[in-house]
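Let me begin by presenting the structure, written as structure tokens, before commenting on it.
None of the figures in this text is laboratory data; all of them are computed from the coordinates on show. Because the structure is predicted, anything quoted here is derived from the model rather than measured. Note that we place each Cβ from the backbone using ideal geometry, even for glycine, and neighbour counts take in every protein chain shown.
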Amino acid sequence: MLVGLARIQALRISSCSNILSLMKRKLQQISSPPPASPSSPSKKLTVAMPARPISTSITLTAREEQLKQLLLDAAKYIDEQDLHQQGPPPREPLVLRWAGGWVRDKLLGIASHDIDTAINAMTGEAFVDRLRVYCDEPAHRARHGLADGDVGRLHTVPRNPDKSKHLETSTIRLCGLDVDFVNLRKETYTAESRNPVVEFGTAEEDALRRDASVNALFYNLHTGQVEDFVGGLRDLEEGLLRTPMEPLQTFLDDPLRVLRLIRFASRLGFRIDPEAERVMADERVLGRLRVKISRERIGEELEKMLKGQQPVESLRLLDRLGLYHAVFTNPGREDMPKPDATAWKTAYECLALLEANKTPGSIYDLLVTGEEARYYAWSLATLTPWEQLPDDPPMKSGKPAPPLPAQAAREGFKAPNKLCDLITAAHRHRHAILELRDVVRDRREGLHERDRFGMAIRDWDTRGGHWRLQVLFAVLVDVEVRVGMGKDAGGSSSSQEAVLAEWQQFLDHLVELDVMNAPSIKRLVDGKILTAALGVKPGKWMGAALDVALAWQLRNPGVDDPAGAIEEVRRRRDELGIR
């Protein structure tokens, strides 16, 4: 079994040659086919194929072994039933293979609970239907030690060519593992259609249509061997992501493969084949990415990148390969502006630095408080370049237009409403956040007004949520502008350390004032108490009056008696319009 991914990545950083020698000792001696020679997209593609599959063995866990035996016996059972039925000539015997990511991860020593099963002569749904019949027989359940819950419900995801899903997939939970079933297939693209013709195919044809050679490996359940038709084992040894077919045609056929390669490169610590890199931002590829791939699919890939262990590696690749404007935009808006992303690197590298130094009381520790917040933080880091541009004019209704960064998120990668609300709030509150930061930095009047800071934080949180992440967005934009773009006061640039020191000082001050949890402070006075004390009916004045009472409460920490807050409202009743 190969070493774990963490060790592989560490070795790759210290010495690429060490990885090669280590993995060569672990893998059997193999002879892989040479990479496919680049060819013009308009010509017929010729790919060198090995004389026979190159195989190496994999060690299964107990549950994987249980699943393997179950599927093999079910396939044999289905074959025998079909052989004895009268009708058309019998099909070829079933051959089952586990495919793609599971094989890759097993060879890298990474645990995987999702298995894709490729079938040679039956659709996934047809096989699972027959499998469930097999599992319904008590003798079969006993033979395989199937407990209650070991065979879940069938779920079929239909084909959706408009979203580049060209074949339905049947999913079922078996033996504690999530298993997808689909038939081996080949895809033929024509100039007349952006959707391929999908047919049953061989294992070799199925391997060729995949996004990367390391994702085109099969584990044959019948032989117990890994099958390699496109040089995936060699590329796995070398830490290389290479397309099985000519890169430009591969990306033109399915432009989502561009983002998938970036995700795998950042997740695995692999490098992308230079020939593939060279065409990933080709205008023809980007043009098809805009019209052929749904923004939901782009959002799914981006979410996986940003929730991974190394989101900064994904952003570095998106940046270096010139893909920023293809992902972060509103493709349906013809006049959508393009921000200058030259200094974007400063923002995402800053977040990576903060995340790597999340000591107690640090900027990251105070502002990013969980996994969801981490994903939102990295999402915000993708949108900092948009803060350079002026807002759109107000809408006809007079309401402010959605901020450009929120448009880029909603339409570019279909960010969910909660994230879009946060982006909108972070944009609209950024200058107010900067103003309070300056109060602390410059020791201005109001520095010790606890109610000023606490009420501001509550307002930010009420209008968009996650006030801490709104502050983080202000930090990242500030670093991008003052450090990356050199647009500090007077036209000079500041060092990143100096800018971050100002923000650390601001957050330390909030901690000292004890207002970090201001949004969750329990009010001493509510509307019922206030109306009873003042002897009036509720009215439009209520919201402002409650804020006056809460501000008094913030100025008087530790006081439990609401009398002072009520008296403050009574003193200002004319100002508040209380009649």
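One table, with the values for the structure above:
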item	result
Stretchable slack from residue 282 to residue 178, in nm (0.36 nm times residue separation minus alpha-carbon distance)	33.8 nm
Exposure proxy order (Cβ contacts within 10 Å, fewest to most) of 273, 478, 438	438, 273, 478
Burial ordering of 542, 122, fewest other beta-carbon atoms within 10 Å first	542, 122
Kirkwood hydrodynamic radius of segment 351-424, Cα pairs, Å	13.8
Tail beyond 19 Å, pair distance distribution of segment 350-495 (Cα, percent)	56
Exposure proxy ranking, count of Cβ atoms within 10 Å, fewest first, for 433, 78	78, 433
Linear extension gain, residue 76 paired with residue 338, 0.36 nm per residue minus alpha-carbon span	88.5 nm
Net length gained if the chain between residue 443 and residue 59 were fully extended (0.36 nm per residue, minus Cα distance)	131.8 nm
Dipole in debye (nearest 20) - segment 290-444, about Cα centre, beta carbon charges: Lys, Arg +1; Asp, Glu -1	160
Sparsely packed GluC sites (Glu not before Pro) within segment 425-462, loop by DSSP, other Cβ within 10 Å at most 16	445, 449
